[in-house]
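Student: Starting off with a structure, shown below.
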Amino acid sequence: MSQPDIPFPQSPVLPTMLAETHEIEFSCHKGISCWNACCSNIDISLTPYDVLRMKTRLGMRSTEFLKEYTVPYEFDKDSIAGIKFRPVEGGTSCRFMKPEGCGIYEDRPTACRYYPVALLSMRRQDEYVDRDSYAIVKEDHCKGHEVKRPITIAGYRKEQGLEEYDELARGWRQLVLKKKSSGPTIGKPSLRSRQLFFMACYDIDRFREFVFADSFAKLFELKPEERESFAKDDVALLQFAFRFLRQVLFGEESITLNAEAAQERLVKVQEKRLIEEREAAKKRALEAEQDTGADEGFD
Ligand code: SF4
Ligand code: SF4
């Protein structure tokens with residue numbers, strides 16, 4: 001089995017993998033002695049759906065939200081990027097932390113909802129689908145573990161509104177897992193692929209402009225009802241972004257190519273193959289010539 005992926009690194013994560021039926025004892029409530037301690041020292045990775053919820057709440061374009069509130073990081077060296085919350089200037093606290101609690105509570109990100117549970121997504125090498133299991137994060141400052149309120153992880157996920165959050169970020173998690181499990185043999189993604197991944201996953205407003213640009217229409221065929229829904233529905237557009245990336249990064253075609261563009265692309269592929277074959281033939285001829293020269297030298 002591949003190593004578990006921890007999209008929301010929290011420390012320390014107890015290494016036992018737990019099922020949804022596992023029961024925890026935990027409660028976080030106003031008045032607890034550690035109130036806001038977890039929001040004072042943050043290391044919070046965000047999903048594309050987190051960005052969408054927060055930028056909508058703040059009435060910002062995704063591009064501005066990313067600049068103002070996040071910092072990018074790479075999942076692996078020279079690989080696709082994730083994003084994290086940018087803490088307050090010169091400090092470690094979350095910028096949404098208020099004395100009375102979270103300033104964006106109804107739209108708080110996935111990692112904040114999960115805490116003190118951590119989601120572990122993983123995929124067996126012989127399986128296409130990823131499977132989720134969970135771990136518990138136990139930090140000394142968090143007194144919520146001392147409150148004897150039993151709840152299953154499934155119940156906790158429901159209570160925290162995580163079913164919707166996980167469902168709408170599933171396509172992104174699958175892309176990240178697939179990229180990681182494809183390993184170094186597939187090669188590092190090109191700069192262009194990494195930029196596309198970043199824009200489509202996190203910068204939804206710029207991705208919309210990209211989808212409605214003439215260059216996109218030249219390549220891909222969208223149904224009128226799809227265009228209409230992508231114009232006004234961020235969630236629908238985000239799910240399309242994951243489909244688009246599966247096609248661009250992994251060749252899983254689900255978006256119809258424009259017939260003319262498909263033909264052009266075929267011609268280009270054939271031309272490229274021809275050039276490669278010619279280059280290879282030249283190289284072979286040169287090597288043969290050098291071999292002959294070397295043999296002659298020994299006579
Ligand atoms: S978003 Fe809210 S819950 Fe999450 S770290 Fe910031 S203040 Fe805390
Ligand atoms: S109980 Fe834990 S999660 Fe709640 S405020 Fe305290 S440290 Fe944060």
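The values are calculated or read from the model by the stated rules, or taken from the named source; none is laboratory data. The structure presented is a predicted model; accordingly, all values stated were derived computationally and were not measured. Cβ sites come from the backbone with ideal geometry, for glycine too, and all protein chains shown count toward neighbours.
Student: Could you please let me know if Thr152 is more than 14 Å from ligand 2 (Cβ to nearest atom), at pLDDT 95 or above, closer than 30 Å to Glu64 by Cα and surrounded by 13 or more Cβ atoms within 10 Å (Cβ to Cβ)?
Tutor: No; evaluated as a whole, the condition is false for this residue.
Student: Please verify whether the range 108-131 includes one or more residues that are within 30 Å of Thr21 (Cβ to Cβ), modelled with pLDDT of 95 or more and aliphatic (A, V, I, L, M).
Tutor: Yes, because at least one residue in the range 108-131 is within 30 Å of Thr21 (Cβ to Cβ), modelled with pLDDT of 95 or more and aliphatic (A, V, I, L, M).
Student: Quickly run through the range 27-38 and pick out the residues that are away from ligand 1 (no atom under 16 Å from the Cβ) and in contact (Cβ under 8 Å) with a residue 40 or more places away in the chain.
Tutor: Scanning the range 27-38 gives a single hit, Ser33.
Student: Follow-up. Please tell me if Arg206 is surrounded by 13 or more Cβ atoms within 10 Å (Cβ to Cβ) and in contact with an Asp or Glu (Cβ under 7 Å, 6 or more places away or on another chain).
Tutor: Considered against the rule, which asks whether it is surrounded by 13 or more Cβ atoms within 10 Å (Cβ to Cβ) and in contact with an Asp or Glu (Cβ under 7 Å, 6 or more places away or on another chain), Arg206 comes out as no.
Student: Sticking with this structure for a sec: How about the range 48-59: which of its residues are more than 13 Å from ligand 1 (Cβ to nearest atom) and either in contact (Cβ under 8 Å) with a residue 60 or more places away in the chain or crowded, with 24+ Cβ neighbours inside 10 Å (or both)?
Tutor: Answer for the range 48-59, where residues must be more than 13 Å from ligand 1 (Cβ to nearest atom) and either in contact (Cβ under 8 Å) with a residue 60 or more places away in the chain or crowded, with 24+ Cβ neighbours inside 10 Å (or both): Pro48, Tyr49, Leu52, Lys55, Thr56.
Student: Report the residue count in the range 83-95 for those that are under 18 Å from Leu52 (Cα atoms) and without any contact (Cβ under 8 Å) to a residue 24 or more places away in the chain.
Tutor: Total satisfying the criteria: 1.
Student: From the list Glu226, Glu276, which one is of a type outside the set (Lys, Arg), modelled with pLDDT of 90 or more and assigned to a helix (DSSP H, G or I)?
Tutor: The match here is Glu226.
Student: Tell me which of these Ile24 doesn't satisfy, since it passes every other one: (1) within 15 Å of ligand 1 (Cβ to nearest atom); (2) of a type in the set (Val, Ile, Thr); (3) farther than 30 Å from Gln239 by Cα.
Tutor: Going through the list (1) within 15 Å of ligand 1 (Cβ to nearest atom); (2) of a type in the set (Val, Ile, Thr); (3) farther than 30 Å from Gln239 by Cα, Ile24 breaks only (1).
Student: Taking Val13 as the residue in question, decide whether it is at pLDDT below 95, surrounded by 14 or more Cβ atoms within 10 Å (Cβ to Cβ) and either among the charged types (D, E, K, R) or within 24 Å of the chain's Cα centre (by Cα) (or both).
Tutor: So Val13 passes the test.
Student: From the list Glu163, Glu159, which one is at pLDDT 95 or above and exposed (fewer than 11 other Cβ atoms within 10 Å of the Cβ)?
Tutor: Glu159
Student: Within the set of pairs 6 or more residues apart or between chains, which connect a residue that is within 22 Å of Val137 (Cα to Cα) and of a type in the set (S, T, N, Q) inside the range 97-121 to a residue that is assigned to a strand (DSSP E or B) and modelled with pLDDT of 95 or more with Cβ atoms less than 9 Å apart?
Tutor: From the range 97-121, the pairs are Thr110/Ser45; Thr110/Leu46.
Student: Ok, one more. Inspect the range 71-92 for any residue being within 23 Å of Leu191 (Cβ to Cβ), away from ligand 2 (no atom under 12 Å from the Cβ), modelled with pLDDT of 95 or more and in contact with an Asp or Glu (Cβ under 8 Å, 6 or more places away or on another chain) and give the result as yes or no.
Tutor: Yes, the range 71-92 has at least one match.
Student: Please work out if Arg53 is more than 16 Å from ligand 2 (Cβ to nearest atom), at pLDDT 95 or above and over 17 Å from the mean Cα position of the chain (by Cα).
Tutor: Answer is no for this residue.
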